[in-house]
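Take a look at the structure set out below.
The values are calculated or read from the model by the stated rules, or taken from the named source; none is laboratory data. Note that this is a predicted model, so its numbers are computed, not measured. All Cβ positions, even for glycine, are placed from backbone atoms using ideal geometry, and neighbour counts span all protein chains on display. Areas reflect the complete protein model, heavy atoms only, side chains present, ligands, DNA and RNA absent. Shrake-Rupley method; radii C 1.70, N 1.55, O 1.52, S 1.80 Å.
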Amino acid sequence: MRTGRRPTMALAMAALIAAPLPAAASEPAQEPVYSFHTLLVPQDAPAIGETRTSDGGWVRGGLFADRSARLDRAIASAEDGFDLAEGQLLALARSRMLIGCTIDRMKIRSGRPHICLADRDGDGRFDAWFPFFDEIMLFANVRKVPMAKMKPITAAGISPVDIAALATVPTRVGFELAPRNGRLAFCRTVDGKSDGYCTHDGPGLDPSGQPATARARGGEFAYRRIGKSFEVSVISPVPVQRF
């Protein structure tokens with residue numbers, strides 16, 4: 001779903017992208033740390049005033065990092081068995097070192113990690129890669145950069161991606177607000193299906209079939225239960241937000 005955003009929100013999000021990333025005071029000179037901040041970007045929901053009947057998600061969207069970029073050239077490693085195309089979307093880490101990782105896991109000879117690229121010499125271009133086997137989206141994993149395990153690549157630059165553009169970017173990793181056990185739960189999805197990571201602190205849903213409202217993730221919905229499904233319309237949309 002594409003909705004208009006107030007100028008103040010657009011300016012705030014633009015400032016978020018442009019802001020420099022602070023270095024942790026305790027970071028050793030040769031061992032910077034890195035982490036990711038997850039951004040929820042709604043992409044599929046009823047428009048305001050539109051009514052849908054659904055037995056699944058009321059709102060769906062993509063999970064991204066709060067800073068994203070695309071590669072300006074392809075990167076491949078025949079030895080390790082991965083191939084990143086020109087334009088590959090990367091989640092940019094928060095770190096003193098420029099680090100970008102694939103949101104999706106990649107199949108390589110050693111398993112299915114995220115492929116992370118790093119700029120070791122500080123010239124603004126990636127010159128090395130390393131695998132990252134933990135989760136990126138929704139989890140605040142703070143790790144030291146594995147300098148000793150990096151492998152060199154032919155240098156590649158990046159083009160920043162504006163947050164507003166993410167509303168039309170497809171990704172395998174996403175989220176949905178969907179009824180679960182009598183509540184409107186937030187769930188992570190992979191290829192459009194919940195992967196089992198759900199929060200259950202959402203609002204309870206009226207099972208009687210009478211019109212009611214529910215608020216979740218900054219949005220508000222009018223709904224009523226019809227058998228096993230829900231008739232839903234948007235009062236106010238879920239905004240782009242950090243998780």
Name the single residue that is most open to solvent (accessible area, probe 1.4 Å) among those in the stretch 196-208 being modelled with pLDDT of 90 or more and either closer than 17 Å to Phe139 by Cα or part of a loop (DSSP other than H, G, I, E, B) (or both). Pro207
Would you pick out the residues in the stretch 45-63 that are closer than 21 Å to Ala185 by Cβ and either within 9 Å of the chain's Cα centre (by Cα) or at pLDDT 90 or above (or both)? Arg52, Thr53, Gly57, Trp58, Val59, Arg60, Gly61, Gly62, Leu63
Scanning the stretch 53-76 residue by residue, those surrounded by fewer than 20 Cβ atoms within 10 Å (Cβ to Cβ), more than 26 Å from Ser236 (Cβ to Cβ) and among the charged types (D, E, K, R) turn out to be Arg70, Asp72, Arg73
Applying the selection to the stretch 42-98, what residues are among the basic types (Lys, Arg) and over 23 Å from Asp162 (Cα atoms)? Arg52
Top-ranked residue of the stretch 124-138 - restricted to ones that are assigned to a loop (DSSP other than H, G, I, E, B) and free of Cβ contacts under 8 Å to residues at least 24 places away in the same chain, ranked as most open to solvent (accessible area, probe 1.4 Å): Phe133
It is to be established whether one or more residues within the stretch 149-167 are of a type in the set (S, T, N, Q), open to solvent by 20 Å² or more (accessible area, probe 1.4 Å) and farther than 20 Å from Gly62 by Cβ. yes
Among (1) farther than 19 Å from Thr38 by Cβ; (2) buried (at least 21 other Cβ atoms within 10 Å of the Cβ); (3) touching a residue at least 60 places away in the same chain (Cβ under 8 Å), where does Gly174 come up short? (1)
From the list Arg96, Arg105, pick out the single residue that is in a loop (DSSP other than H, G, I, E, B), modelled with pLDDT of 90 or more, closer than 17 Å to Arg188 by Cα and open to solvent by 50 Å² or more (accessible area, probe 1.4 Å). Arg105
When residues of the stretch 211-243 are limited to those that are among the polar types (S, T, N, Q) and farther than 13 Å from Ala45 by Cα, the one surrounded by the fewest Cβ atoms within 10 Å (Cβ to Cβ): Thr213
